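What follows is one structure encoded as structure tokens, with my remarks underneath.
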Amino acid sequence: MIFSLFILLWLAANTDGLAQNFWQQTNGPYGGIVYSLAIDSSSGHIFAGTEGAGVFRSTNNGDSWAPTGLPSNMIVRSLAINSSGYIFVGTTGGGVFRSVQSTLLPVATTEAATNVSATSATLNGTVNPNNLSTTVKFQYGTTTSYGNEVAATPSPVIGTSSVSVSTAITGLSPNSMYHYRLVATNSAGATNGLDQTFTTPLPAYPSTLSLNTTVSFPSLPNASDYKATDHRIVGLPGKSDLPVNQFLSGTQNKDWQVYWDNGAANNFFVAFDGSSTFQFSAGHAFWIINKGPVNINTTVPSAPLNAAQEVVIPLQSGWNLITNPFTSVIAWSKIQAAETLSEPIYSFNGSFSESPTLEPYVGYYFFNATNRFSLKIPYSLLFSTVAATKDDPAIWRVNISLSSGEFSDKSTSFGIAPATSRDLDRLDFRKPRTIAATPTVSFIRPNWDANYSTFATDIRPEFEDSESWEFDVRTTQREASQLAFSSINKIPSQFEVYLIDEGRARTVDLREDSLYHFTPAAELSKFSVAVGKKEAMQEKLSSVALPKAFALGPNYPNPFNPTTTIPIAVPVISEIKLKIYNLLGAEVKTIYDGIIEAGQYWFNWDGRTDTGNSIATGVYLYRLSTSTGVTLLGKMILIR
């Protein structure tokens, strides 16, 4: 005999005054045997205990039923609900079960957000308080940890039916996805609604930008009092197309100088000539030096956006001077991710350093390694909540810092990383050029790039026995200088680490002393760092020796324009002269005249006379003479 739950149609016109069609069959709960029923007086929900299917609940007067989670193999004989809303279930062979939640818990439903703008939104939901006073709030944030809470309106609520609630939130970040949920709490406990999300749009793009900044320069009486380190790279947000000299006062070359870098390998600095090249177009910057600070206070048109909501900065091959077209700081790593770039940018503040950010009003050097036509900066990056990250892919990296007088250079490093090579690779970055001669340390790699051969980084693959990195140091002659090496401790302990001063034939154990002091006789000094196992290092160090005779090497490059290097070798401390002559025998330039220690030296000549005048295209002679009577001669060609 089947005792299914029926609410029957009962024809009883003459029985107890009941109307015809008093009973109606419901849709459940599953067509099986129902042994017990219970009704929650607060919510009106009906609970049905079955044979072999557990307990079902109907929230709509029996129109539909849903299992409650009690094991389906249980035979439920009885049901009861106490005043706190907890359900007790009597079973055959399984004892008594109690619900872990009260039926009086509020029902919280998170609904779609409305009125979503760049910085605000309205959060919505419904709450059934189950006849208990219930406080209601929303939680929201950029993750499912939320982090923010705000009271809903209305709150508290009471009754046995659903109540619509909402709240308006402000102070949101544009172009960001937010998570939110409704939380309802009464004396029976708390209920969390399901997580929902919405995304704030970008704010309307402004048609103009208000610029207000001061670019600092020293105030010195004479143009000759200024140093190379006083230059700055400057750009303006927006696309004003205003001439650079509009913001400068006085006379060019007396009170100010402006240069553009045309990106070429040689003759790359172009002096201000009043042409359209020297306008503050979108994303372009210039080398500037000025007597005193430059004040900028104006309104300019915003840089235009393309269909993808990006500012497009045209690029030339080679080096580019760029700036931020917006008035907010942007992490360079975000631009690298958006544009699939690996190249860094370099700022100049008396010396170059790799910059993690693209700031307004500041200019940067960027090398166009892939010959792209443009750099595209999405407007959305101004409002991105994604954390800026720049993980060093190197297994280990050593930074080289040079200090010479009041100058410094801290933008050079070498190391080991996976997926690299001893040739040019993705982690080998070129070193930017300065507006005037300043002390630098760099890797010269013409085999990597014959035109742009000066590099700031040299990252190589892992090695078994030893590896060596050669680098050049350019300083002022006879200026006390220092090299410093950081993170030597990151190199695996099985390797020895030595600095080799190639010219002076000196070696330094960098694990014992990471500082090296020297006073260069020539502008160019050559060094290397050798890293390797003990046996390999003994062989390497044993080959370091002073020259055995005077030598005058061939200058390089030859022909040259505008600079060439002349190598010499000196076996013992000596008094020497190194001079340049024209083919008529007239002296053009004295490169060096004085006492010099034993060693190898590399002297530079920039094609100028002792008085600083540029000389014409032609063939020139260079001669090394010593106090001991040695005279050596070489020939070079200058092509303007």
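The values are calculated or read from the model by the stated rules, or taken from the named source; none is laboratory data. What you see is a predicted model; the values in this text were computed from it and never measured. Reconstructed Cβ throughout: ideal geometry from the backbone, glycine too, with neighbour counts over all protein chains shown. Protein only, heavy atoms only, side chains kept; ligands, DNA and RNA dropped before computing areas. Shrake-Rupley method; radii C 1.70, N 1.55, O 1.52, S 1.80 Å.
Beta carbons within 10 angstrom, averaged per residue: use that to sort the peptides 175-181, 317-323, highest first.
Details: 175-181: 18.9, 317-323: 21.3.
Per-residue Cβ counts within 10 Å, averaged per peptide and sorted highest first, yield 317-323, 175-181.
Dipole of the chain (Lys/Arg Cβ +1, Asp/Glu Cβ -1, origin at the Cα centre): which of Ser421, Asn349, Thr167 lies farthest to the positive side?
Farthest towards the positive end: Asn349.
Can you list the equivalent-ellipsoid semi-axes of the range 452-589, largest first and in whole Å, using the square root of 5 times each Cα gyration tensor eigenvalue? Intermediate results must be reported in sequence, preceding the final value.
Working: eigenvalues 216, 58, 44 Å².
So the three semi-axes of the range 452-589 are 33, 17, 15 Å.
Beyond 18 Å, how much of the Cα-Cα pair distribution for the range 382-467 remains, as a whole percent?
Details: 1945 of 3655 pairs.
Value for the range 382-467: 53 percent of Cα pairs lie more than 18 Å apart.
Which listed residue (Phe407, Gln196, Ile639) has the Cα farthest towards the positive end of the charge dipole for the chain, taking +1 on Lys and Arg C-beta and -1 on Asp and Glu C-beta about the Cα centre?
Among Phe407, Gln196, Ile639, the one farthest towards the positive end of the dipole of the chain is Ile639.
Which value, to two decimals, describes the C-alpha radius of gyration of the range 331-454 once divided by 2.2 N^0.38 Å?
My calculation over the Cα atoms of the range 331-454 gives 1.13.
If you place +1 on the Cβ of every Lys and Arg and -1 on the Cβ of every Asp and Glu, how big does the dipole about the Cα centre of the range 265-413 come out, in debye to the nearest 20? Walk me through the numbers on the way to the answer.
On the way: 7 positive and 10 negative charges, 24 e Å.
Roughly 120 debye, rounded to the nearest 20.
Using 0.36 nm per residue of separation minus the Cα-Cα distance, give me the extension gain between Val215 and Arg478 in nm, one decimal. Display every interim value, and only then the final one.
Values: separation 263, 0.36 × 263 = 94.68 nm, distance 3.37 nm.
Net length gain for the segment: 91.3 nm.
Work the Kirkwood hydrodynamic radius out for the range 506-576: mean of 1/r over every pair of different alpha-carbon atoms, inverted, in Å. All intermediate terms of the calculation are to be shown ahead of the outcome.
On the way: mean 1/r = 0.0655 Å⁻¹.
It is 15.3 Å.
Within the accessible area of the chain, what % is carbon and sulfur when the probe is 1.4 Å and the other protein chains stay in place? Before the final figure, lay out the partial values.
Values: 15130 of 30350 Å².
That fraction is 50 percent.
The range 51-165: Rg/Rh from Cα coordinates, Kirkwood Rh?
Values: Rg = 18.7 Å, Rh = 16.9 Å.
Ratio of gyration radius to Kirkwood radius: 1.10.
For the range 193-244, state the average projected area of the convex hull of the C-alpha atoms over all orientations, rounded to one decimal in nm².
If I average the Cα hull's projected area over directions, I get 8.1 nm².
Given N residues in the range 86-144, what is its alpha carbon radius of gyration divided by 2.2 N^0.38 Å? It would help to have the intermediate numbers written out before the result.
Numbers: Rg = 18.4 Å, N = 59, 2.2 N^0.38 = 10.4 Å.
Rg over 2.2 N^0.38 Å, computed on Cα atoms: 1.78.
Name the long-range amide H neighbours of Ala521: under 5 Å, sequence gap of 5 or more, or other chain; modelled H, no Pro or chain starts.
Amide H neighbours of Ala521, under 5 Å, 5+ apart: Arg478.
So how long is each side of the range 128-281 along the principal axes, counting just the alpha-carbon atoms, biggest first, in Å?
Here the Cα extents, ordered largest to smallest, are 86, 30, 29 Å.
State in Å² the accessible area per residue of the range 585-640; use a 1.4 Å probe, count heavy atoms of protein chains only, and round to the nearest integer.
Here the residues of the range 585-640 average 50 Å² of exposed surface.
Calculate the translational D of the chain in whole µm² s⁻¹ from Stokes-Einstein, where the hydrodynamic radius comes from the Kirkwood formula applied to all Cα pairs, the temperature is 4 °C and the viscosity 1.567 mPa s. Intermediate values should be presented prior to the final figure.
Numbers: Rh = 31.9 Å.
Translational D for this selection: 41 µm²/s.
If you place +1 on the Cβ of every Lys and Arg, -1 on the Cβ of every Asp and Glu, and leave all else neutral, what size is the dipole of the chain about its Cα centre, to the nearest 20 Debye?
460 debye
Among Val116, Ser333, Leu248, whose Cα sits farthest toward the positive end of the charge dipole of the chain (+1 at Cβ of Lys/Arg, -1 at Cβ of Asp/Glu, about the Cα centre)?
Result: Leu248, furthest along the dipole toward the positive end.
As a test of the formula, what do you get for the chain when each DSSP H run with n ≥ 4 contributes -39,500 (n - 2.57) and the sum is divided by the residue count, at 222 nm and rounded to the nearest 500 deg cm²/dmol? If you can, show how the numbers build up before the last one.
Numbers: 2 runs with 17 residues, N = 640.
It lands at -500 deg cm²/dmol.
Distance in nm between label sites at Ser133 and Asp255, each 7 Å beyond Cα in the beta-carbon direction?
Once both label points are built, they end up 7.6 nm from each other.
Using θ = phi - 60° and the Karplus form 6.51 cos²θ - 1.76 cosθ + 1.60, what ³J(HN,Hα) does each residue of the range 529-545 get, whole Hz, x for Gly and Pro?
10, 9, 10, x, 6, 4, 5, 5, 6, 4, 5, 5, 6, 5, 8, 7, 8
In this model, which of Lys227/Lys577; Lys334/Lys490; Lys254/Lys579; Lys526/Lys577; Lys526/Lys548; Lys227/Lys431 are farther than 24 Å apart at the alpha-carbon? Intermediate results must be reported in sequence, preceding the final value.
Details: Lys227/Lys577 29 Å; Lys334/Lys490 28 Å; Lys254/Lys579 33 Å; Lys526/Lys577 21 Å; Lys526/Lys548 18 Å; Lys227/Lys431 21 Å.
Violating the 24 Å limit, Cα to Cα: Lys227/Lys577; Lys334/Lys490; Lys254/Lys579.
Could you give the length gained on full extension between Thr628 and Asn582, defined as 0.36 nm per residue of separation minus the Cα-Cα distance, in nm?
So the chain would gain 14.1 nm between Thr628 and Asn582.
What residues from the range 454-482 fall in the zone where the backbone N is under 15 Å from a label point 7 Å along the Cα-to-C-beta line of Glu539?
The answer is 464-468, whose backbone nitrogens lie closer than 15 Å to the label point.
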